[in-house]
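I have placed the structure first, in the form of structure tokens, so that the comments after it can refer back to it.
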Amino acid sequence: MVRGGSQGVRIGRLSRRDFSKLALASAVALALPRLARARDEPFKFGLTPVFLSNDLELLGHLRAYLSSRLGGAVELVSRRTYQEITALLVSGQVHAAWICGYPYVQYKADLDLTATPSWHGKPLYQSYLIAAAGRAVDGWSGLREDIHAFSDPDSNSGFLVTRALLAENRLRPDQFFSRSFFTYGHRNVIRAVASGLAQSGSVDGYVWEVMREIEPELVTRTMIVRKSEWLGFPPVASPKSLAGDPRIAALRDALVSMSDDAEGRKVLDMLRLDGFVVAPPELFDTIAAKVETVRQFG
Amino acid sequence: MSPFRRWQAIPLSFRVPAIVALLMVVISAAISERVLDRLSHTQESYLDGLAGTYLDGLSSSVLPAVLRGDVWEVFDALDRSSFVYESLAPIETVVTNSDGRVLAASDPNKIKAYSELPVEYASRYGTEAVTIDEDRKTGFARRELIYQSQPIGAIHAAFDVSHLFAERREVLVTLLVTNAIVAGLFAFGGFLLVHRMIGPIRVLESHMRSAVHGAAEPISPDEIPPGDGEVASLFHGYNTLVHAERERANLAMQLAEEEKLSSLGRLASGMAHEINNPLGGLFNAIDTLKTHGQTPGVRDTSISLIERGLAGIRDVVEAALATYRPERSRRPLTADDFDDVRLLLKPELRRRRQQLEWDISWNGARELPVRGGPVRQAVLNLLLNAAAVTPEAGIVSLRAKDTGNSLTIEIGDQGSGIPPEIAGILVDRDPGPAVRAGRGLGLWMVRRVVDELGGTASIAPKNDGGTAVTLEIPFDREDAEADAA
């Protein structure tokens, strides 16, 4: 500021061209520390347990890819629950996060959609109600009095969809199921059902399908009782407060063009995804409707 | 045969190795028992340690989840721990809350979450850290979950301990095989050693066996082991014994011969008397014949006297011949034999002015199936002895009785009794010691006769004083059968 002041004192003696140069130089001088700070601070990317598992190899490739595309360090932040990641995202403590459609709908006012994964050509997925393989059960109503495994209270496919289904039928989980518990992970829901700890579970259909390829011995011990309608795939979102951050745009570009890059294709192959697309917020209206159903039933 | 005698009948070279092997078996059984006991303790403390570590680790990981009643977290901890603690081989782990309800079990299909813990789970624990059920080859352990001094639940764990038993069995088999091999080697070594040790004893034994059959030969110097002082001393001792025995036998034979000559001398002197006595009468008769031979009465009387005198002499000579001619000794006993003995004894009796009580109960048969020669010899010897020990003018007796199966002869005297060491020659099972003392050779000859004929002899004091020697001579069956045939 003192230096700036001394420069201002000399303004009167500078030519207009000089002034223009100076103004540009000042703007650059003012902008540089911010850019430098931005370059020093790693880009924080949050991951919810929607991820298949703590696959370190996948995380390594993802971080490498994002670092190369964002031109700086990327820190992958993961937490045990959706709630923790959502809180970090909404409060701006992470720059972007791959969250579930349910928290996105809940915090729509504070969040921007960065990109949405595309699976089998569409940014859509389903929620499955699963039970132990070979169990004679006719539809979801046959799961009454089960011990039921949910994924996460903030998960769309692992909780909201089933809760909404019950709400539509004027039921609450504690009335329909004898007991229920949260496993905080879709893979854990499959493990709980496969082991017999729970007789049924609510799970992300995408996770179930992908795991059927990766861990068939686990998944084949379960079967699908009900598939929900197609719903918006868990998106990558960023806080509205960072809308102007060029790295958010860079992230969107990186995600959308992931399939063009060798490292990116590795990530997509491991995730069994086609790529990322820019989808409109309306994609999540069906989820919002479920939230409303649940809210109305109470 | 009793087991002990049967055992004693087994040769020493087999008995010693058998005892060595038996000792090895006993020792190995004791060692095996100690090893297995020690192993069992080690295994149990190892298992206790492992189980303690398992339960400690599990406690700390499930405690927060148990506090929250988080079924999934408890199950997840159990599921993950089953891979971490593979060396412990947990079969089943159940975590209950403070109400005893199941939060999660490692096998939820067997024990459902939120269910009551089966009753048998509570009763399966003992006082040890890990209670082992040997039938099911399973170990059980329980750990209370304590938080801020309050029990909030418990962990019930079951472990597969079959590997411990397999290890024990393996050790037992190894011990048995090793000990069997060692016992076998020791037994074989013992056999070789004993066989080698008793080798010289076998030499001695074979010499002794041949000595029993009458040919006691000294051990040749080649067979005496140079290095073994004890055995050499034993062999030298044996050789000394053989030489001494030979000398004693020679002496005994010599003495027997002398005794024979002595008794023969007495007999001969008696016979000379017997012949001499009538000789005076015979010469008188001849003188009478010379002087008054023409007188018919005197001549006949003198010739009759000469004839009777000569007949007496002939009888004496015949009796002596019958007694001392071996070729006549095998013929059966007749009454004549006793008459001959009487005749032979007569001079001795007369010399000592003794009387002879004579009682022969004969059943009328001409002869008895007993060899006559030896019996005459024995009876004559006993009667001569009886006459010798009976005081002058005393009574000597002879009773002979045919019992149907045997002949019983009793010779009585009025002597002061027979000393035990002399009596032994006649009645002891082994007359050797008494004979070797060089005394009572007359009796020894009697004993030899009695043994030869398979009979027995006994000595008893008589009611009216003096001693009675009784011979029991069985009838010779072969002869009897041969006669019958």
Legend entry - Candidates B:Glu307, B:Glu318, filtered to the one that is out of contact with any strand residue (DSSP E or B) (no Cβ under 9 Å at 6 or more places or on another chain) and at pLDDT below 80: B:Glu318
Legend entry - Where B:Arg353 falls short, out of the listed (1) over 38 Å from the mean Cα position of the chain (by Cα); (2) assigned to a helix (DSSP H, G or I): (2)
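Looking only at strands (runs of 3 or more DSSP E) that lie completely in the range B:90-185, which have at least 3 residues being within 14 Å of another protein chain (Cβ to nearest Cβ) and closer than 25 Å to B:Val71 by Cα?
Counting at least 3 such residues, we get B:90-97, B:102-105.
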Inset, instruction - Identify the single condition in (1) surrounded by fewer than 19 Cβ atoms within 10 Å (Cβ to Cβ); (2) within 27 Å of A:Asp146 (Cβ to Cβ) that B:Ala113 does not satisfy, given that it satisfies every other one. - result: (1)
Inset, instruction - Taking A:Val105 as the residue in question, decide whether it is closer than 30 Å to A:Val291 by Cα and either modelled with pLDDT under 85 or among the polar types (S, T, N, Q) (or both). - result: no
Legend entry - Residue within the range A:215-226 that is in contact (Cβ under 8 Å) with a residue 40 or more places away in the chain, at the interface with chain B (Cβ under 10 Å from one of its Cβ atoms) and of a type outside the set (Gly, Ala, Ser) present: no
Inset, instruction - Kindly list the number of the only condition in (1) in contact (Cβ under 8 Å) with a residue 40 or more places away in the chain; (2) under 22 Å from B:Gln377 (Cα atoms) that fails for B:Arg314. - result: (1)
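Only one of these is in contact with a strand residue (DSSP E or B) (Cβ under 8 Å, 6 or more places away or on another chain), within 14 Å of chain B (Cβ to nearest Cβ) and of a type in the set (Val, Ile, Thr): A:Ile130, A:Ile85, A:Ile99, A:Ile147. Name it. Let's see the steps before the verdict.
Working: A:Ile130 fails: within 14 Å of chain B (Cβ to nearest Cβ); A:Ile85 fails: within 14 Å of chain B (Cβ to nearest Cβ); A:Ile99 fails: within 14 Å of chain B (Cβ to nearest Cβ).
Result: A:Ile147 is the single residue among A:Ile130, A:Ile85, A:Ile99, A:Ile147 that is in contact with a strand residue (DSSP E or B) (Cβ under 8 Å, 6 or more places away or on another chain), within 14 Å of chain B (Cβ to nearest Cβ) and of a type in the set (Val, Ile, Thr).
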Inset, instruction - Considering every residue within the range A:89-100, establish whether at least one is among the hydroxyl-bearing types (Ser, Thr, Tyr), closer than 22 Å to A:Phe45 by Cα and at pLDDT below 95. - result: yes
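Residue-wise test of (1) modelled with pLDDT under 95; (2) within 14 Å of chain B (Cβ to nearest Cβ); (3) over 20 Å from A:Arg135 (Cβ atoms).
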position	(1), (2), (3)
A:Leu165	no, no, no
A:Arg172	yes, no, yes
A:Gln175	yes, no, yes
A:Gly185	yes, yes, yes
A:Val193	no, yes, no
A:Gly196	yes, yes, no
A:Gly201	no, yes, no
A:Val207	yes, no, yes
A:Met211	yes, no, no
Inset, instruction - Identify, from the list A:Ala96, A:Ala109, A:Ala133, the residue that is in the same structural domain as A:Asn156 (by TED's automatic domain parsing) and not basic (Lys, Arg). - result: A:Ala133
Inset, instruction - Test B:Ala51 against the criterion of being in the same structural domain as B:His163 (by TED's automatic domain parsing), assigned to a loop (DSSP other than H, G, I, E, B) and out of contact with any Ser or Thr (no Cβ under 9 Å at 6 or more places or on another chain), and give yes or no. - result: no
Inset, instruction - All but one of (1) of a type in the set (Asp, Glu); (2) more than 17 Å from the chain's Cα centre (by Cα); (3) away from every other protein chain (no Cβ under 14 Å) hold for A:Asp154, so report the exception by its number. - result: (2)
Inset, instruction - Quickly run through the range A:57-76 and pick out the residues that are in a helix (DSSP H, G or I), under 16 Å from the mean Cα position of the chain (by Cα) and aliphatic (A, V, I, L, M). - result: A:Leu58, A:Leu59, A:Leu62, A:Leu66
Legend entry - Count - residues of the range B:62-89 that are more than 10 Å from chain A (Cβ to nearest Cβ), of a type in the set (Phe, Trp, Tyr) and either crowded, with 23+ Cβ neighbours inside 10 Å or not in a helix (DSSP H, G or I) (or both): 1
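Looking only at the range B:356-378, filter to residues that are without any contact (Cβ under 8 Å) to a residue 60 or more places away in the chain and part of a helix (DSSP H, G or I); which one of those is surrounded by the most Cβ atoms within 10 Å (Cβ to Cβ)? Working first, answer last.
Here is the first cut: in the range B:356-378, the residues without any contact (Cβ under 8 Å) to a residue 60 or more places away in the chain are B:356-367, B:372-373, B:376.
Among the residues that remain, those that are also part of a helix (DSSP H, G or I) are: B:372-373, B:376.
On the way: B:Gly372: 22, B:Gly373: 21, B:Arg376: 24.
Looking at the filtered set, the residue picked out is B:Arg376.
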Legend entry - Only listed residue being outside the structural domain of A:Val77 (by TED's automatic domain parsing) and surrounded by fewer than 20 Cβ atoms within 10 Å (Cβ to Cβ), chosen from A:Arg187, A:Arg144, A:Arg191: A:Arg144
Inset, instruction - Test B:Ile425 against the criterion of being within 28 Å of B:Arg246 (Cβ to Cβ) and either crowded, with 21+ Cβ neighbours inside 10 Å or modelled with pLDDT of 80 or more (or both), and give yes or no. - result: yes
Inset, instruction - Test each condition in (1) in a helix (DSSP H, G or I); (2) outside the structural domain of B:Ala21 (by TED's automatic domain parsing) for B:Ala215 and report the one that comes out false. - result: (1)
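Looking at this structure, is B:Pro17 away from chain A (no Cβ under 14 Å), within 30 Å of B:Arg169 (Cα to Cα) and at pLDDT below 85?
Against the criterion (away from chain A (no Cβ under 14 Å), within 30 Å of B:Arg169 (Cα to Cα) and at pLDDT below 85), B:Pro17 qualifies.
The values are calculated or read from the model by the stated rules, or taken from the named source; none is laboratory data. The structure displayed is predicted, hence computed values, not measured ones. Positions of Cβ are backbone-derived with ideal geometry, glycine not excepted, and every protein chain shown enters the neighbour counts.
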